[in-house]
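Below is one structure, written out as structure tokens, with a few remarks after it.
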């Protein structure tokens, strides 16, 4: 089989697969599948948004702790230099 035959066979196979997928997605089962996927994707997005908010809060908390630690160290360093 030469390259032209392989290309045409691949083109036909792709067209056949696309047609089969389109027919399935237009059936009741296909529409239900798409609906389920959309519902799950929406739930995942809200879970991801909540997780991102939680990570942001944790990072802000750690940053504030680090700033407080630096301020304490600066204070101790300043106290030691005056002694």
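Would you confirm, using the coordinates I've provided, whether residue 75 is assigned to a helix (DSSP H, G or I), more than 34 Å from the chain's Cα centre (by Cα) and surrounded by 10 or more Cβ atoms within 10 Å (Cβ to Cβ)?
yes
Within the range 40-63, can one find any residue that is surrounded by 10 or more Cβ atoms within 10 Å (Cβ to Cβ), on the phi < 0 side of the Ramachandran plot and not in a helix (DSSP H, G or I)?
No, the conditions are met nowhere in the range 40-63.
Bear in mind these aren't lab numbers, they're just calculated from the coordinates by the rules spelled out. The shown structure was predicted, so the numbers you read here are calculated from the model rather than taken from an experiment. Counting neighbours? That spans all protein chains shown, and the Cβs are built from the backbone with ideal geometry, glycine included.
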